[in-house]
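Visitor: Once you've had a glance at the structure underneath, I'll fire off some questions.
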Protein chains: 2
Amino acid sequence: MKILVTNDDGFQARGIHHLAKWLSPFGKVIVVAPDGPRSAQSMAITVNVPLRLSPIPAPDSNSDSNIEWYSVNGTPVDCVKLAMNTIFRDEKPDMVVAGINHGSNSAVNVIYSGTMGAVMEGCICNIPSIGFSLTSHDPMADFAPCKPFVEILAAGVLKHGLPENVCLNVNIPDIDGVPEGMRVVRACRGRWTEEYKEYKDPQGKNFYMLTGSFINEEPEAEDTDEWCLSHRLVSVVPTTPERTAPRGEWPKWLDEMSFVI
Amino acid sequence: MKILVTNDDGFQARGIHHLAKWLSPFGKVIVVAPDGPRSAQSMAITVNVPLRLSPIPAPDSNSDSNIEWYSVNGTPVDCVKLAMNTIFRDEKPDMVVAGINHGSNSAVNVIYSGTMGAVMEGCICNIPSIGFSLTSHDPMADFAPCKPFVEILAAGVLKHGLPENVCLNVNIPDIDGVPEGMRVVRACRGRWTEEYKEYKDPQGKNFYMLTGSFINEEPEAEDTDEWCLSHRLVSVVPTTPERTAPRGEWPKWLDEMSFVI
């Protein structure tokens, strides 16, 4: 088995070191990760800039000879695309795994997530793909409780595969102790409000920094990722890179505008 | 009516000048566009960097007093988010329109497109949103044949609205003469191959530049955007920012792994 591992926090982040180590008993692990933080890069790709794929020495904490490390001066999707066209040109990996992300990728955040961008790119390449996130931005967060969930889901995906156009978005609650279960659910509806803080620079001109609060629009719904995370449960959301809306939702008035001369 | 106009080619691009001018008879047009090219930025957002919203003089070709111009030092999604939180804080726009993109956003390209990223952000804000693209990367391409399609679809969307979680991805073929019709279709299945060209730098080290060929995996299917574009027709794809896979596609084996202590 060959497993491609990436993330959006950069190869130096602690989350990816744990992930690579826990996956190495399943097969050869090839880490191809950004050379620095690339959070919120969604599925952005780099055009017009030369990309480099650089072998890097294994971090001290991770000298397992079953793990190879590379960095890329691009986005998470660049990492997957470049790996597929170089290291994996002749033989595709059996699985793409991204994370463990430092911070939640639940609800609408899946859309902006670089971690999940890489996972969706793996899915587009028809490779079973999973993203893991821990709901803590603390760089020293305790990742240990994630281990059994990484192992059980990696084993399941390697054994059963995933349907075409479906990948997994796994969020793990940062709680005292271990999560009390795992559920397969949908992404919660919600939105961000008050998304910018306004500042004045020394010249008196305004600038804006991203901030904001997440509003859960359906806090009572028990079949969502947000519900799981606030009830000490791991959420697994089957996620798709398909962008065409389901046919039943197409606006009927548009049909009347269709014409062919 | 108030219409937010943006793009991913930057406010200097010819496509957005045409779009703003053609939309101004429908209402007040506020252009909030990147300060330079941001192609392939998908739904990336800028974190940790100060964003500025700068009023700019109307381009000479566009001195219509019904159009205001602003630039942002960020991505297309930043433009929409920042506009919503500043200019449109108290009164949301009636429509978000992005483009006219220089180049196709059909098939899988919708995923990476900054233009369609902005459109999906508008959709997430519950505002009817449309993206327009012309299938030509020529900076001097003839946009005139796009005009009737921009007008008919903008009028339709302002009159009828769009369903929740559905926006429109419109591609216009770059052909001699005018397109011969318009169809509502799905995004074609296909993929990019040989995505990088390999180079050696003066020090003998490899670098890679994005390139590649698009393979249409279903050239016979008549209900796709690619089919329309190769048959002189405009394609309209109802597109969604929803990322949870339809429930019927969820892998059954995952249910057996769910547990609660």
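The values are calculated or read from the model by the stated rules, or taken from the named source; none is laboratory data. As the structure is a prediction and not an experimental result, all values here were calculated from the model. With ideal geometry, Cβ positions are generated from the backbone for all residues, glycine too; neighbour counts draw on all protein chains shown.
Visitor: From the list B:S54, B:S104, which residue is at the interface with chain A (Cβ under 10 Å from one of its Cβ atoms), among the hydroxyl-bearing types (S, T, Y) and over 22 Å from A:Y112 (Cβ atoms)?
Guide: Numbers: B:S104 fails: at the interface with chain A (Cβ under 10 Å from one of its Cβ atoms).
Every option except B:S54 fails the conditions.
Visitor: A further question follows. What number of residues in the stretch A:9-31 are among the β-branched types (V, I, T) and within 23 Å of A:D138 (Cα to Cα)?
Guide: Within the stretch A:9-31, the subset among the β-branched types (V, I, T) is A:16, A:29-31.
Still in the list and also within 23 Å of A:D138 (Cα to Cα): A:16, A:31.
Qualifying residue count, the stretch A:9-31: 2.
Visitor: Please find, within the stretch B:5-51, the residue that is surrounded by the most Cβ atoms within 10 Å (Cβ to Cβ) out of those that are within 14 Å of chain A (Cβ to nearest Cβ), over 16 Å from the mean Cα position of the chain (by Cα) and not polar (S, T, N, Q). Even if it seems obvious, please write down each step before you answer.
Guide: Initially, the stretch B:5-51 is screened for residues within 14 Å of chain A (Cβ to nearest Cβ), giving B:8-10, B:32, B:34-51.
From what's left, over 16 Å from the mean Cα position of the chain (by Cα): B:35, B:46-51.
Among the residues that remain, those that are also not polar (S, T, N, Q) are: B:35, B:47, B:49-51.
Numbers: B:D35: 17, B:V47: 15, B:V49: 12, B:P50: 14, B:L51: 20.
The qualifying residue surrounded by the most Cβ atoms within 10 Å (Cβ to Cβ) is B:L51.
Visitor: Right, something else. For the stretch B:194-201, state whether one or more residues are in contact (Cβ under 8 Å) with a residue 12 or more places away in the chain, of a type in the set (F, W, Y) and out of contact with any Leu (no Cβ under 8 Å at 6 or more places or on another chain).
Guide: The answer is no, given that none of the residues of the stretch B:194-201 is in contact (Cβ under 8 Å) with a residue 12 or more places away in the chain, of a type in the set (F, W, Y) and out of contact with any Leu (no Cβ under 8 Å at 6 or more places or on another chain).
Visitor: Is it fair to say A:S71 is touching a residue at least 24 places away in the same chain (Cβ under 8 Å) and either in a loop (DSSP other than H, G, I, E, B) or at positive phi (or both)?
Guide: On the way: touching a residue at least 24 places away in the same chain (Cβ under 8 Å): yes; either in a loop (DSSP other than H, G, I, E, B) or at positive phi (or both): no.
So A:S71 fails the test.
Visitor: I've got another one for you. Somewhere in the stretch A:160-167, is a residue modelled with pLDDT of 95 or more and within 30 Å of B:V49 (Cα to Cα)?
Guide: no
Visitor: Looking at the stretch B:85-102 only, could you name the residues that are crowded, with 23+ Cβ neighbours inside 10 Å and either over 17 Å from the mean Cα position of the chain (by Cα) or at positive phi (or both)?
Guide: Correct list: B:P93, B:G99.
Visitor: Does at least one position in the stretch A:177-199 carry a residue that is in contact with a helix residue (DSSP H, G or I) (Cβ under 6 Å, 6 or more places away or on another chain) and charged (D, E, K, R)?
Guide: yes
Visitor: Scan the stretch A:15-52 residue by residue and report those that are of a type in the set (A, V, I, L, M, F, W, C) and part of a strand (DSSP E or B).
Guide: Restricting attention to the stretch A:15-52, the residues satisfying the condition of being of a type in the set (A, V, I, L, M, F, W, C) are A:16, A:19-20, A:22-23, A:26, A:29-33, A:40, A:43-45, A:47, A:49, A:51.
Matches in the stretch A:15-52: A:V29, A:I30, A:V31, A:V32, A:A33, A:L51.
Visitor: Has the stretch A:55-62 got at least one residue that is surrounded by fewer than 21 Cβ atoms within 10 Å (Cβ to Cβ), among the β-branched types (V, I, T) and modelled with pLDDT of 95 or more? Write out each step before concluding.
Guide: Residues of the stretch A:55-62 that are surrounded by fewer than 21 Cβ atoms within 10 Å (Cβ to Cβ), as a first pass: A:55-62.
Checking the rest, the ones that are also among the β-branched types (V, I, T) come to A:56.
Narrowing further to those that are modelled with pLDDT of 95 or more: none.
Within the stretch A:55-62, none of the residues are surrounded by fewer than 21 Cβ atoms within 10 Å (Cβ to Cβ), among the β-branched types (V, I, T) and modelled with pLDDT of 95 or more.
Visitor: If only one of A:I175, A:I215, A:I152 is β-branched (V, I, T), more than 24 Å from A:I130 (Cβ to Cβ) and surrounded by fewer than 23 Cβ atoms within 10 Å (Cβ to Cβ), which one is it? Write out each step before concluding.
Guide: On the way: A:I175 fails: more than 24 Å from A:I130 (Cβ to Cβ); A:I152 fails: more than 24 Å from A:I130 (Cβ to Cβ).
Sole residue among the options that is β-branched (V, I, T), more than 24 Å from A:I130 (Cβ to Cβ) and surrounded by fewer than 23 Cβ atoms within 10 Å (Cβ to Cβ): A:I215.
Residues checked against (1) small (G, A, S); (2) within 21 Å of B:A118 (Cα to Cα); (3) part of a loop (DSSP other than H, G, I, E, B); (4) facing another protein chain (nearest Cβ under 7 Å):
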{"site": "B:V150", "(1), (2), (3), (4)": "no, yes, no, no"}
{"site": "B:V157", "(1), (2), (3), (4)": "no, yes, no, no"}
{"site": "B:P163", "(1), (2), (3), (4)": "no, yes, yes, yes"}
{"site": "B:G177", "(1), (2), (3), (4)": "yes, no, yes, no"}
{"site": "B:Q203", "(1), (2), (3), (4)": "no, no, yes, no"}
{"site": "B:P238", "(1), (2), (3), (4)": "no, yes, no, yes"}
{"site": "B:L254", "(1), (2), (3), (4)": "no, no, no, yes"}
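Visitor: Could we say that A:K2 is at pLDDT 95 or above and within 14 Å of chain B (Cβ to nearest Cβ) here? Before you say what the answer is, go through the steps one by one.
Guide: Numbers: at pLDDT 95 or above: yes; within 14 Å of chain B (Cβ to nearest Cβ): no.
Considered against the rule, which asks whether it is at pLDDT 95 or above and within 14 Å of chain B (Cβ to nearest Cβ), A:K2 comes out as no.
Visitor: Still on this model: Looking at A:F214, A:F259 in this structure, which one is aromatic (F, W, Y), facing chain B (nearest Cβ under 7 Å) and out of contact with any helix residue (DSSP H, G or I) (no Cβ under 7 Å at 6 or more places or on another chain)?
Guide: On the way: A:F214 fails: facing chain B (nearest Cβ under 7 Å).
Of A:F214, A:F259, the one residue that is aromatic (F, W, Y), facing chain B (nearest Cβ under 7 Å) and out of contact with any helix residue (DSSP H, G or I) (no Cβ under 7 Å at 6 or more places or on another chain) is A:F259.
Visitor: Answer yes or no as to whether B:T240 is at pLDDT below 95 and either closer than 22 Å to B:F132 by Cα or more than 22 Å from the chain's Cα centre (by Cα) (or both). Give the steps one after another, and end with the answer.
Guide: Details: at pLDDT below 95: no; either closer than 22 Å to B:F132 by Cα or more than 22 Å from the chain's Cα centre (by Cα) (or both): yes.
Taking the combined requirement at face value, the residue does not satisfy it.
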